[in-house]
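I have placed the structure first, in the form of structure tokens, so that the comments after it can refer back to it.
Just so you know, all these numbers are worked out from the coordinates, no wet-lab data involved. Just so it is clear, the structure is predicted and the values come from calculations on it, not from any experiment. Using ideal geometry, Cβ is built from the backbone for each residue, glycine included, and neighbour counts are taken over all protein chains shown.
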Amino acid sequence: MEMKPAAQPVTGVPVGAAPVAWSSGLFDCFDDCGLCCVTYWCPCITFGKVAEIVDRGSTSCGTSGALYALLCSLTGCQWIYSCTYRSKMRAQYALPDGPCCDCCVHFCCEPCALVQQYKELKARGYDPEIGWHLNMERRSAGAVNPPGVQEMGR
């Protein structure tokens, strides 16, 4: 009996799919004060977490965040790098561009754009805090919600 390899799950958005709305607005960044503060004071952290999920683990949070910080400190043009990830994310999930093009959003409202992307990934069932690989482990294990804090007994 010949065994066929298991089919890989289909990911992405069907071709020609109509854009769906973002789960939160661009200026809803103040809904999560902790995330808003981290993103405002150290956007490389939020960007790195978003980039790792959008790249499906091919780049790490640390690598993306460090490159973002380097671009920020040397050129001040980190928004060019981050807007490419907004474009990738929109393509993956058929999200509309708005209120204007991705580069304009990141140039004018970088922290708000990063928070919106982070919140979108959360709304789609990812936990950017744990990275791509742990998200995939949890999905393959069938865990819908992460377990609560566990303490070791005596």
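Figures for the structure shown
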| quantity | calculated |
| --- | --- |
| Only Lys, Arg (+1) and Asp, Glu (-1) charged, at Cβ; region 26-154 dipole about Cα centre in debye | 300 debye |
| FRET efficiency for residue 136 and residue 66, using Cβ-Cβ distance with R0 set to 25 Å, rounded to 0.05 | 0.60 |
| Under the Karplus curve 6.51 cos²θ - 1.76 cosθ + 1.60, θ = phi - 60°, whole-Hz ³J(HN,Hα) for region 110-126, x wherever Gly or Pro sits | 3, x, 5, 5, 5, 5, 4, 5, 4, 5, 5, 5, 4, 5, 8, x, 8 |
| Gain upon complete extension [residue 33, residue 74; 0.36 nm per residue less C-alpha separation] | 11.9 nm |
| 3J(HN,Hα) from dihedral phi, region 43-56, Karplus parametrisation 6.51/-1.76/1.60, rounded to Hz, x for glycine, proline | x, 4, 5, 5, 4, x, 5, 5, 4, 4, 6, 5, 7, 6 |
| Cα-based shape type of region 44-125, given that a ≥ b ≥ c are square roots of the gyration tensor eigenvalues and the cut on a/c is 1.5 | oblate |
